[in-house]
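Rule-based calculations on the coordinates, nothing more; no lab input. These numbers were taken from a predicted model, which means no experiment stands behind them. Backbone-built Cβ (ideal geometry, glycine too); neighbour counts: all protein chains shown.
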Amino acid sequence: MSWVTKTFNSTLGQKLLMALTGLFLILFLVVHLAGNLQLLLPDEGESFNIYAESMASNPLIRVVSIGNFAFILIHVIYSVVLTRSNKKARPVNYAVSKASTNSTWASRNMGILGTVILLFLIIHLRGFWYEFKFGELPTAVYDGVTYKNVFAIVSEAYSNIAYVIVYVVAMGFLGFHLSHGFASAFQTLGLNHVKYSPLIQKVGAGFAIIIPALFALIPIVMYIQTL
Amino acid sequence: MNLTLKIWRQKNQSDKGGFKEYKVSDISKDMSFLEMLDVLNEQLSDKGEDPVHFDHDCREGICGMCSLHINGKPHGPLQTTTCQLHMRSFNDGETITIEPWRATAFPVMKDLVVDRSSFDRIIQAGGYVSVNTGGVPDANEIPIPKRIADEAFDAATCIGCGACVAACKNASAMLFTSAKISQLAMLPQGQVERKERAEKMIAQMDAEGFGACTNTGACSAECPKGISLTNIARMNREYFSAVVSSENV
Ligand code: HEM
Ligand code: SF4
Ligand code: FES
């Protein structure tokens, strides 16, 4: 075994991959949110449609988006690998456990939280990304240029209360995942320092509330607009 | 006080094992938890029954030999060793559930006794320093800043009890291993084998079947010596920098 494969087969190497991919996904969430908030602009989706088209045609963004899929895949694969080996390390559970007195619920249930996020991702990608790439989309014309009208399928989806509920609930799970994951990733990278760790923890706690809340706000507002 | 004890009994490593209930009465609040078990064992011996096997040695909180998962927590309700836990932490009439540490790398030998020699093998893999033979060196010959000496000493207070493994949902030995790596990595004496140590001890830790770290912090919260999570971050740095820079291909 070469030193590289040996490292990534070690528990620490696998955690390193989880932390790096997790931090990349966190960065992606910010960019994704900034783009999506344009859905709430009062221009019938003009800015959003132009933005979506420009993202899809930008070669740099295409590379990043392939990387993004790869990182989600690595994050998911290693979450399965780690969760399985962690279960194997404790095959017999305690009859009585007071784990809630020594650790947070989210930290003990990252696998469950991640699985719900994954299910949501599948629904989300099928509904929007797949439609945008391969579906029959209505078009809109701005300044004589024809654009795919993604805004139309988004607002149609968000007129369905069931869809809105799925989104809002999923964001709750994302919030819990981040409430542990954000600071945890820094600890995994070995970045634990008396000066910076308290700040990282505060930023992480804020991030875990604000980012999912803003994501959840979009379908809620768009649903209210259709009433 | 009168108590009901629900204790894990298991004849040997291959036995399936199960809980058995016992009653003890007239227990003094000033007894240690182990003394309370001694009372139970005398009762059992008098009746010709097999006493409950449990580990202990110093009964002073310094050797790390005592274990026991008591009412859902390693070493019971306080952040201390079981030998330093007293019956005043319990209520009269209470039912106390006592289980062995649960981990693949800590197989149950009998009743509440687990085999923690996996910890010894982690130490053997690299938890040592090479020293020159010859004359005794002068004390304080090598200057070490007080803050570093204190931090290394804090890490060195780990008594190898395994409560960190017992508390962790992944039965991970990261807190123990990181304390043992840290205490040497911070000192000048530990520099010679520094990279090799990190690589070998972590390889051994994985080979023993301990889980990975999810950074839940349960280990440190239950550690009788309050070993800090900063040691785990330091171990990660030691390991990552060792694998990219050592000559071990
Ligand atoms: C936008 C989506 C996601 C983000 C931003 C994210 C972020 C993170 C971060 C930052 C961590 C901490 C890494 C560490 O402790 O070093 C983490 C851990 C984890 N993630 Fe995710 N994650 C996402 C999606 C998922 C998905 C889809 C799954 C799985 C099916 C998943 C499963 C896990 C698991 C199991 C852990 C804990 C690993 C361990 O035991 O240490 N995550 N995630
Ligand atoms: S780190 Fe703490 S809990 Fe773990 S073996 Fe050392 S003293 Fe015991
Ligand atoms: S018996 Fe030595 S620490 Fe408890």
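Couple of notes before you dig in:
- With the gyration tensor restricted to C-alpha atoms of the protein assembly as shown, the semi-axes of the equivalent ellipsoid amount to 51, 30, 18 Å, longest first.
- Annotation for B:E247 and B:A203: the two label points, set 7 Å from Cα along the Cα-Cβ direction, are 1.6 nm apart.
- Relative contact order computed over segment B:117-244 (Cα-Cα under 8 Å; 6+ residues apart), in percent: 35 percent
- Model label zone, B:S89; criterion: amide N under 19 Å from point 7 Å along Cα-to-beta-carbon; scope segment B:34-61: B:34-40, B:54-61
- Mean separation of Cα pairs under 8 Å and 6 or more residues apart, divided by the residue count, gives chain A a relative contact order of 27 percent.
- Other protein chain Cβ atoms within 10 Å, averaged over every residue that makes up B:173-180: 1
- Beta-bridge orientation, the protein assembly as shown: approximately 80 percent antiparallel, per DSSP, counting only bridges with both partners inside.
- Largest-first principal axis extents of the Cα set of segment B:101-233 (Å): 48, 28, 25
- Result for chain A in a Gaussian network model with C-alpha springs under 10 Å: among A:T115, A:T104, A:T188, the largest mean-square fluctuation is at A:T104.
- Take each peptide in B:161-173, A:53-65, B:31-43, count the other Cβ atoms within 10 Å of every residue, and average; sorted highest first, the result is B:161-173, B:31-43, A:53-65.
- Difference of contour (0.36 nm per residue) and Cα-Cα distance, A:A95 to A:Y196: 32.5 nm
- The angle between the Cα long axis of helix B:194-207 and the main principal axis of chain B comes to about 30°, on a 0 to 90 degree scale.
- Computed log10 I(q)/I(0) for segment A:40-106 at 0.25, 0.26 Å⁻¹: -1.08, -1.09, from the Debye equation with unit scatterers placed on every C-alpha and solvent omitted.
- Calculated FRET value between B:R59 and B:A139, using beta carbons and R₀ = 45 Å, to 0.05: 0.90
- Mean Cα-pair separation over length for chain B, i.e. relative contact order, pairs under 8 Å, 6 or more apart, %: 19 percent
- Within segment B:145-162: backbone nitrogen closer than 19 Å to the B:Q189 label point (7 Å, Cα to C-beta): B:145-160
- Compactness index (Cα Rg / 2.2 N^0.38 Å), segment B:138-210: 1.24
- Residue with peak Gaussian network fluctuation, chain A [Cα springs, cutoff 10 Å], from A:A34, A:A52, A:A162: A:A162
- log10 of Debye I(q)/I(0), alpha-carbon scatterers only, for chain A at 0.08, 0.09, 0.15 Å⁻¹: -0.37, -0.46, -1.11
- Estimated Rh, segment A:69-165: Kirkwood, alpha-carbon pairs, angstrom: 17.4 Å
- Beta bridge orientation in segment B:3-110: antiparallel %, DSSP, nearest 5: 75 percent
- Computing FRET efficiency as 1/(1 + (r/R0)^6) for B:E49 and A:N160, where r is the C-beta to C-beta distance and R0 is 51 Å, gives about 0.15.
- Above-threshold pairs, the threshold being 18 Å between Cα atoms, out of A:K15/B:K169; B:K73/B:K225; B:K6/B:K169: B:K6/B:K169
- The alpha carbons of chain B stretch over 61, 38, 36 Å along the principal axes, in descending order.
- Kyte-Doolittle mean at least 0.5, axial Cα span of 18 Å or more - DSSP H helices of chain A: A:11-36, A:59-89, A:110-124, A:161-188, A:197-226
- For the residues of B:157-170, the average number of beta carbons from a partner chain within 10 Å of their own beta carbon is 3.
- Pairwise label distance in nanometres, A:V169 with A:S57, each label 7 Å out on the Cα-Cβ vector: 4.0 nm
- Degrees, to the nearest 10: B:33-46 long Cα axis against longest axis of chain B: 50 degrees
- Result for chain B in a Gaussian network model with C-alpha springs under 10 Å: among B:T80, B:T104, B:T157, the largest mean-square fluctuation is at B:T104.
- Between the Cα long axis of helix B:174-185 and the first principal axis of chain B there is an angle of about 40°, rounded to the nearest 10.
- Inter-label distance, nm, simple model (7 Å from Cα along the C-beta direction), A:F134/B:S117: 5.7 nm
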